[in-house]
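Bear in mind these aren't lab numbers, they're just calculated from the coordinates by the rules spelled out. Treat the numbers as computed from the prediction; the structure is a model and nothing was measured. Positions of Cβ are backbone-derived with ideal geometry, glycine not excepted, and every protein chain shown enters the neighbour counts.
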Amino acid sequence: MTNETNDNYQVGGKSFTAVAVNTASKAGEWIQTKSNQANRFTSKGSASDLVTEVDKGAEKLIRNLIQTYFPTHSILGEEGADPGAEGAAKALQAVKDDEYVWIVDPIDGTTNFIHGFPFYSVSIALAYRGEVIVGVIYDPSRDELFVAEKGKGAYVRGKRVTVSGEERLADSLLATGFPTERQAMLPLNMNQLSAIIPGARNVRAGGSAALHLAYVAAGRLTGFWEMNLNAWDIAAGMLLVQEAGGRVTDLSGKPYNLAVRNVAATNGLIHDELITELSKANK
Ligand code: IPD
Ligand code: CA
Ligand code: CA
């Protein structure tokens, strides 16, 4: 495994994207076989922040597969980090200067998985020197694979996709999510909803940030915002949205980087309007 070049992303004959795709779909298939174990969960600190043995097993499977092909690469995975914002910051800090970093959420939407609500996903991204170059999200319930490669577009079930064409919030279908950290965040969330819902076509909260981002890329949602997310929730979906022609920033409109926790991702056309409305709510 020595013929590594960054031009065609080939290592030992397997492209980065092929490994991401194979790994995400294998993990997704395995997760589905374990749905009978979804009711065995533990709390990571609150009644809304949950983890199952399936999350941990899926991350192990993903790590093993990635390490088989790319033993020198680093892996930033949710289940390998300590809980909370501090744990996530520490885990990101530990890999931030590494050349290749795989960013893994083995199940994004664990609460949905536990309840049998079929809206959860496997999210895998690869960053090269801090820049995301591959993003793959797999929805095992619909057997739907979303794939993006830097500079090469975004694909759903193998077909190229672009973001939607709505130009105003009034015509937009948006999505958001409610952070598990309630004390500081929930009042702000409520203000945002009060500010956005009256002026938008409607707002959804499906419970998987990664899938929401994939849906923005696929043109099924006009935009998405959420606070207090981690790199593993956002990285793959961010590249999908960008490669589908959309825009991803933090909530003040600054460009995305791996440390961004408060994110807005849209078709680009409604981005400024969304940020303006949200900033009113945040005052
Ligand atoms: C969660 C999901 C959810 C979002 C939460 C995330 P998890 O990830 O993305 O949609 O609202 O903030 O923590 O814990 O299921 O991987
Ligand atoms: Ca997640
Ligand atoms: Ca997760």
> Based on the alpha-carbon gyration tensor of region 169-282 and its eigenvalue square roots a ≥ b ≥ c, which shape applies: rounded if a/c is under 1.5, prolate if not and a/b is larger than b/c, or oblate?
Replying inline: rounded
>> I'd like the orientation of helix 84-95 relative to the chain: the angle between its Cα long axis and the longest Cα principal axis, in ° from 0 to 90, rounded to 10.
In response: 40 degrees
> What ranking do Lys14, Lys90 get, fewest neighbouring Cβ atoms within 10 angstrom at the top?
Replying inline: Lys90, Lys14
>> Can you work out the Karplus-derived ³J(HN,Hα) for every residue in region 190-196? Use 6.51 cos²θ - 1.76 cosθ + 1.60 with θ = phi - 60°, whole Hz, and x for glycine or proline.
In response: 5, 4, 5, 4, 4, 6, 8
> For region 26-39, what does the Karplus curve 6.51 cos²θ - 1.76 cosθ + 1.60, with θ = phi - 60°, yield as ³J(HN,Hα) per residue in whole Hz, taken in order and with x for Gly and Pro?
Replying inline: 4, 4, x, 4, 5, 4, 5, 5, 9, 5, 6, 9, 5, 7
>> Taking just the alpha carbons, could you work out the radius of gyration and Dmax for region 2-161, both in angstroms?
In response: 15.7, 48
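Stick to the Cα atoms of region 67-200, pair each with every other, and give me the Kirkwood hydrodynamic radius in Å at one decimal. List each step's numbers first, then the result.
Details: mean 1/r = 0.0568 Å⁻¹.
17.6 Å is the Kirkwood radius here.
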>> Report the per residue volume, in Å³, of the convex hull enclosing the C-alpha atoms of the chain.
In response: 116 Å³
> Which entries in the list Lys34/Lys152; Lys56/Lys254; Lys96/Lys150 go over 26 Å, if you measure between the two C-alpha atoms of each?
Replying inline: Lys34/Lys152; Lys56/Lys254
>> Per q in 0.19, 0.20, 0.22 Å⁻¹, report the Debye log10 I(q)/I(0) for region 35-115, using one uniform scatterer on each alpha carbon and no solvent.
In response: -0.86, -0.93, -1.06
>> Taking every DSSP beta bridge with both residues inside region 142-283, roughly what % is antiparallel (nearest 5)?
In response: 75 percent
> To the nearest 10 degrees, how steeply does helix 271-282 sit against the main Cα axis of the chain, on a 0 to 90 scale?
Replying inline: 70 degrees
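Let me know the shape class of region 16-82, please: from the alpha-carbon gyration tensor, a ≥ b ≥ c as square roots of the eigenvalues, rounded when a/c is under 1.5, otherwise prolate if a/b is greater than b/c, or oblate. Kindly include the intermediate steps, with their values, before the conclusion.
Details: a/c = 3.04, a/b = 1.56, b/c = 1.95.
The shape class here is oblate.
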> Relative to the first principal axis of the alpha-carbon coordinates of the chain, what is the inclination of helix 231-243, with its axis defined by its Cα atoms, in degrees from 0 to 90 and to the nearest 10?
Replying inline: 80 degrees
> If you plug each phi of region 148-159 into the Karplus form 6.51 cos²θ - 1.76 cosθ + 1.60 with θ = phi - 60°, what whole-Hz ³J(HN,Hα) values come out, in order, with x for Gly and Pro?
Replying inline: 9, 10, 3, x, 10, x, 10, 9, 10, 6, x, 9
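What order do you get for 20-26, 229-235, 43-49 when each peptide is scored by the mean count of other beta carbon atoms within 10 Å, highest first? Mind showing how you got there, number by number?
Numbers: 20-26: 20.3, 229-235: 27.0, 43-49: 12.4.
Most protected by this proxy first, the peptides run 229-235, 20-26, 43-49.
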